[in-house]
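Values quoted throughout were computed directly from the atomic coordinates according to the rules given, and no laboratory measurement underlies them. Predicted model only: the values in this text are computed from it and were never measured. Virtual Cβ from ideal backbone geometry, glycine too; neighbours counted across all protein chains shown.
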Amino acid sequence: PYDRPHCYLLTNLEAYLDLYRATGDRRWYDGVKAGWEMYNAHWEQPGGSISIIEYNYDPPDSNSLTQALGEFCGSSFWTFLSQRFQLMTPGEERYAAEIEKSIYNVAIANQDGTYGLRYHTILVGQKEKGTRINTCCEGQGTRLIGSLPEHIYSIAPDGVYVNLFEPSTLSWKHDEEPISMRMETKFPFEQAVKLTVSTARPTRIKLHVRVPSWATKEMEVAVNNSSPATGMPGSFLTIDRVWSEGDVVRFTLPAGFALKEYAGVDQIPGHKRYSLTYGPLLY
C-alpha cells in the first residue's frame, strides 16, 4: 500500500515464514526469501542499515544519504528475520553477516550513552540525539540489544556454529554429553580469536567456524598444534573431530579496509563517493 517498504512489512514476512514452519508448504518459504532478497538488494544502505521509512519517499535503489532514513526498528526486524533464516539454513554465511552489520553499525551506533536510543541511522554528518519517549525504535532497539547473546552461536544436531566473534562462553549438551566452549577475543580492536573446549569425556562434534564474507583472504584455523585448515570468505569451515578437555582452536580474522563506490540519488556531479569499511564496521 506504500510507495516504499515500511519497516513493519518485515514483521508480515516473519508471519509468512511461520506459515511455512507450520505447514511445510515451500511456497511460503520461497516468497519470504524473495522478500528478503528485495530488501537486501534495493533498500540496504552501506553498513547494513535498512533504508525503510514511514513517511519519506524512498523508491528502490535511491540510497539517499540526506534524508533521515533507516529506522532503528527496521534494522531490528531485519536482524530477527535474518536470524530465522540462519537457524533454518545455518551454513549460509550471509545471514550471520547481515546480523553482524546490524549489531555493530546500527544497534551499537544508535545508543546515545545512557540517555536513550536514536531513531534513525544517519550515515552522513552528525548522529541525531537519542530519545526516551517510547517510540517504536526505542522499543525494538532495546529488544535487539537485549538479544545480543543469541547471535554469537547456533547449536545444531551435529555440533555448533560460531557466527560472531565476541568474548563469551557457551554451554550445551550433545547426545546428553555436557560441553562448554569459551571464546576469547578483542575483535574488532584485535583480530586474534581463541576457542577453548571443555568436556567431561571425549565427544565427537562438528565445529563450524564462520569465515566472514568481508575477509580479505582465506582464513586458517588450527586445533592445538595441528596443521591449520583453510576456509574461503563467505563460508563456514567445518572441523569434524573427537574433542577432549582443553582442546584449543585458534585463528586470526583477516579484516581489512575496503571501499565501495556510492550509487544513489545523492550523487555529486563530477565526483565519486565511497563508503569505507573495516571488516564489518562502517567508518
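Karplus-derived 3J(HN,Hα) values for segment 182-198, using 6.51 cos²θ - 1.76 cosθ + 1.60 with θ = phi - 60°, are 10, 10, 10, 6, 10, 4, x, 6, 9, 9, 6, 10, 10, 10, 10, 9, 10 Hz; glycine and proline are entered as x.
Calculated mean residue ellipticity at 222 nm for the chain: -8000 deg cm²/dmol, from DSSP H runs with n ≥ 4 weighted as -39500 (n - 2.57), summed, divided by the residue count and rounded to 500.
Charge dipole (Cα centre; +1 on Lys/Arg Cβ, -1 on Asp/Glu Cβ; no other charges) of segment 3-94 amounts to roughly 260 debye.
Relative contact order of the chain: what whole-number percent is it, with Cα pairs under 8 angstrom and at least 6 residues apart?
It rounds to 14 percent for the chain.
A cut-off under 10 angstrom between Cβ atoms defines the neighbours of Gln67, and their net charge, with Lys, Arg +1 and Asp, Glu -1, is -2. Considering only Leu195, Tyr153, Phe165, the residue lying farthest towards the positive end of the dipole of segment 147-205 is Leu195, judged by Cα position with unit charges set on Cβ. For Phe236, the amide hydrogen comes within under 5 Å of the amide hydrogens of Val211, counting only partners 5 or more places away or on other chains and with H modelled in the peptide plane. A simple count of charges around Arg94, restricted to other residues whose Cβ falls under 14 Å of its Cβ and scoring Lys, Arg +1 and Asp, Glu -1, yields -2. Annotation: amide H of Lys206 within the under-5 Å range of Gly159, Val160, sequence separation 5 or more or interchain, hydrogens built in the peptide plane.
For segment 117-179 versus segment 22-65, the inter-centroid distance based on Cα atoms is 20 Å.
Listed here are the pairs Lys186/Lys260; Lys194/Lys272; Lys194/Lys217; which of them are more than 31 Å apart at the Cα?
Working: Lys186/Lys260 26 Å; Lys194/Lys272 40 Å; Lys194/Lys217 19 Å.
With Cα atoms farther than 31 Å apart: Lys194/Lys272.
Each listed q (0.07, 0.16, 0.17 Å⁻¹) maps to a log10 I(q)/I(0) for the chain from the Debye sum over equal C-alpha point scatterers, namely -0.29, -1.30, -1.40.
Would you work out the charge dipole size for segment 53-106 about its Cα centre, treating the Cβ of every Lys and Arg as +1 and the Cβ of every Asp and Glu as -1, and quote it to the nearest 20 debye? Roughly 140 debye for segment 53-106.
Put a plus charge on the Cβ of each Lys and Arg, a minus charge on the Cβ of each Asp and Glu, and nothing anywhere else: the dipole of the chain about its Cα centre is then about 380 debye. Just add up the charged neighbours of Leu117: K/R +1, D/E -1, any other residue whose Cβ is under 15 Å from the Cβ of Leu117. It works out to a net charge of +1. Taking a straight line from the alpha carbon of Lys33, these aspartates and glutamates sit under 18 Å away, with near neighbours fewer than eight places off in the same chain left out: Glu14, Asp18, Asp25, Glu44, Glu92, Glu93, Glu98.
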